[in-house]
1. Only residues that are assigned to a strand (DSSP E or B) and either modelled with pLDDT of 95 or more or touching a His at 6+ places or on another chain (Cβ under 8 Å) (or both): list them for segment 76-111, please.
2. Which condition number does Lys126 fail, the rest of (1) open to solvent by less than 40 Å² (accessible area, probe 1.4 Å); (2) of a type in the set (D, E, K, R); (3) over 17 Å from Lys212 (Cβ atoms) being met?
3. Of everything in segment 173-206, what is of a type outside the set (Gly, Ala, Ser), within 25 Å of Ser55 (Cβ to Cβ) and either in contact with a Lys or Arg (Cβ under 6 Å, 6 or more places away or on another chain) or open to solvent by 90 Å² or more (accessible area, probe 1.4 Å) (or both)? Give them in sequence order.
4. I'd like the residue in segment 160-170 that is in contact with a strand residue (DSSP E or B) (Cβ under 9 Å, 6 or more places away or on another chain) and part of a loop (DSSP other than H, G, I, E, B) and, out of all such residues, is surrounded by the fewest Cβ atoms within 10 Å (Cβ to Cβ).
5. Looking at segment 146-155, can you tell me whether even one residue there is open to solvent by 20 Å² or more (accessible area, probe 1.4 Å), more than 25 Å from Ile49 (Cβ to Cβ) and either part of a strand (DSSP E or B) or in contact with a Ser or Thr (Cβ under 6 Å, 6 or more places away or on another chain) (or both)?
6. Which one of these is at pLDDT 85 or above, open to solvent by 30 Å² or more (accessible area, probe 1.4 Å) and either within 18 Å of the chain's Cα centre (by Cα) or over 17 Å from Val171 (Cα atoms) (or both): Gly67, Gly11?
7. Please go through (1) closer than 21 Å to Arg202 by Cα; (2) at pLDDT below 95; (3) within 14 Å of the chain's Cα centre (by Cα) for Glu159 and return the number of the only condition it doesn't satisfy.
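The values are calculated or read from the model by the stated rules, or taken from the named source; none is laboratory data. In this text, all values refer to a predicted model and were calculated from it rather than measured experimentally. Neighbour counts run over all protein chains shown; Cβ positions are idealised from the backbone, glycine included. The accessibility values were calculated without ligands, DNA or RNA, using every heavy atom of the protein model including side chains. Shrake-Rupley method; radii C 1.70, N 1.55, O 1.52, S 1.80 Å.
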Amino acid sequence: MQKSKRMFLKGAGALAFGMSIYRMTGVSHAANPGLIERLVLIHDENKCIGCDACSQACRETNQVPEGVSRLTIKRHGPYGEYPNQSYRFERISCQHCENAPCVKVCPTGAAYRDEATGVIRVNEWKCVGCLYCIAACPYKVRFIHPKTKAADKCDFCLETKLKLGELPACVQACPTQALVFGDSNDPTSEVSHIIKTVAVNRDKEALGTRPKVFKIMAANGEVLI
């Protein structure tokens, strides 16, 4: 009975989320049949100061228990000679791959790509904790939630902030505006403009996963020839 009630509430939440996404992106599927929104995130490493405000906001907003994390910031460096040294800060989180290995190996369909947004999601009711998705993920960003016992990861705050028509918690919390979020199918969006005009990279592109998390590499992390 409790599970049925919970599934009903989730369904109602999904409807509300769909409406909020319409408000946030201004894209109507009815007016654009067949259009698949692709929500993407861009991390500008040149603006990132490694303050961890994003990871803390993620933890609080999505009630992520201690010991596991949906988002971490990895520090590289130092670069240069003392006292003129600097660091590069890398975002580690789900890449929301268009061609997601975790989805392909899931035996129950618990891992799936949301057709409305392109976000890789996890249905905790279908997850049996087999760890296949964790083993298949080339970015090593999935974990078993200690309370639900289901696979978990970043979902762009789809069940929290996005439901309210807001930006993901990490984007809202960033003090230097190092994170930009939006719909890459919208040619007028900021993310579309950046992707078209700025040199952006994606982790492990050679694998053909087509991640939806882009990064502008820090200048101090470049290999000089």
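1. Tyr87, Arg88, Phe89, Glu90, Arg91, Ile92, Ala111
2. Status for Lys126: all satisfied but (1).
3. Thr176, Gln177, Glu190, Asn201, Lys204, Glu205
4. It comes out as Leu167.
5. yes
6. Working: Gly11 fails: at pLDDT 85 or above.
Every option except Gly67 fails the conditions.
7. Condition (1) is where Glu159 drops out.
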